[in-house]
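The values are calculated or read from the model by the stated rules, or taken from the named source; none is laboratory data. Note that the coordinates shown come from a computational prediction; the quantities given were computed from them, not determined experimentally. Every residue, glycine as well, gets a Cβ built from its backbone with ideal geometry; the counts of neighbours run over all protein chains shown. Remember, those area values only see protein heavy atoms, side chains included, never the ligands or the DNA or RNA. Shrake-Rupley method; radii C 1.70, N 1.55, O 1.52, S 1.80 Å.
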Amino acid sequence: MIPHGRPALTLDDVAALAGVSRSTWNRHHHAAFTAAVQPLPGSARPLLYDAAQVHAHLTGAPVPPLPQGPHPADLLSDAEVAAITGLTASTVRADATTGLLDPGTELHGRRWWTRTAAEARANRPTQYKGRTPGAKDRAPRRTAPDARVPEVAAALAAAENGQGPAVTADSLGNRYGVSTRTAERLIAKARTTL
């Protein structure tokens, strides 16, 4: 979360403010910095830090606390919006592209949404594009019966009575021009009709 009215900085920005390269920052200053200044909640790849806290640490002043309590203009990551809306982070990103959620704001290579937008999405009624999950009144699919099944059943019955050759998947594959697996399925279906 990026608190309302508080700019956020990456570690590259912090090193630039300190006047050193990122590698020099990592070697000499990073341990002390991370002990004093915590990343903003919910920030990941890249980690973000509050600009006021960074400036205070760099000048040697006491690090001020982050604002407490939610604000409607706080910027939230996809995971934080997902926690508010009850969706997954990937659904939040998809909703932003389809218009169910506003497109958000691009900052530091990530997309962020206001708390107001997240709460509006949470209060939006659910839209189903098909059957309700878990519905029990689903009828089985209607498919035309396979005309080959009675023929295979008759050949199986004849083979069991000793009046015909053995029925194998290879022989059915050659006869009907199907794969061995399809021929095995035909035999299995035919046996259920015997």
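Annotation: of all residues in the range 160-176 being open to solvent by 80 Å² or more (accessible area, probe 1.4 Å) and either modelled with pLDDT under 90 or in a helix (DSSP H, G or I) (or both), the one that is farthest from Thr193 (Cα to Cα) is Asn174.
The set of residues in the range 53-65 that are open to solvent by 40 Å² or more (accessible area, probe 1.4 Å) and under 17 Å from His4 (Cα atoms) comprises Pro64, Pro65. Might you let me know whether the range 18-26 holds any residue that is under 27 Å from the mean Cα position of the chain (by Cα) and free of Cβ contacts under 8 Å to residues at least 12 places away in the same chain? Looking through the range 18-26, none of the residues is under 27 Å from the mean Cα position of the chain (by Cα) and free of Cβ contacts under 8 Å to residues at least 12 places away in the same chain. Across the range 30-44, the qualifying residues are those that are exposed (fewer than 15 other Cβ atoms within 10 Å of the Cβ) and in contact (Cβ under 8 Å) with a residue 24 or more places away in the chain, and the one among them that is nearest to Pro3 (Cα to Cα) is Pro41. Against the test of being modelled with pLDDT under 90 and either in a loop (DSSP other than H, G, I, E, B) or more than 30 Å from Val81 (Cβ to Cβ) (or both), the options Ala157, Ala144 yield a single qualifying residue, Ala144. Going by the conditions given, is Arg6 surrounded by 15 or more Cβ atoms within 10 Å (Cβ to Cβ) and modelled with pLDDT under 90? When the stated conditions are applied, Arg6 passes them.
Considering every residue within the range 95-103, establish whether at least one is open to solvent by less than 50 Å² (accessible area, probe 1.4 Å), modelled with pLDDT under 90, in contact with a Leu (Cβ under 6 Å, 6 or more places away or on another chain) and not hydroxyl-bearing (Ser, Thr, Tyr). Yes, the range 95-103 contains a residue that is open to solvent by less than 50 Å² (accessible area, probe 1.4 Å), modelled with pLDDT under 90, in contact with a Leu (Cβ under 6 Å, 6 or more places away or on another chain) and not hydroxyl-bearing (Ser, Thr, Tyr).
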